[in-house]
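The values are calculated or read from the model by the stated rules, or taken from the named source; none is laboratory data. Treat the numbers as computed from the prediction; the structure is a model and nothing was measured. Glycine gets a Cβ as well: all are built from the backbone with ideal geometry, and neighbour counts include every protein chain shown.
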Amino acid sequence: MHKIIKIKNAKDEKKQKLINELKYIKLIESNADINKNRFSIKTKQDYDNALSKIDNLMDAKPNTPQMEELEVLTTLVEAYEAKYYAI
């Protein structure tokens, strides 16, 4: 019974990761300002920088470049955490 649950959870995680990646691609393609500054989180330092930037953007107003940047960074952080800090 545990094996079935683990397989289901692994599929759910893989599906969520794909959804996050697609959100990121959609956001990047939809906004020229963000497209100029492609984001990536590959290292712990990138991760820490992204968390700091997210903290600074938490008061972003809807439908602004800042909100879009916040959404992109949040999606990237979620993907990074799923890969390196999976529970």
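What to note about this one:
- For the range 1-17, the set of residues classified as more than 16 Å from Tyr84 (Cα to Cα) and at pLDDT 75 or above consists of Asp12, Lys15, listed by residue number.
- Contacts under 6 angstrom Cβ, first residue in the range 58-87 being under 15 Å from Ile25 (Cβ atoms), partner surrounded by 16 or more Cβ atoms within 10 Å (Cβ to Cβ) and polar (S, T, N, Q), 6 or more apart: Thr75/Asn20; Glu78/Asn20; Ala79/Asn20
- Qualifying residue in the range 25-36 (condition: at pLDDT 75 or above, under 15 Å from the mean Cα position of the chain (by Cα) and surrounded by 11 or more Cβ atoms within 10 Å (Cβ to Cβ)): no
- Of all the residues in the range 47-70, those that are modelled with pLDDT of 90 or more and acidic (Asp, Glu) number 3.
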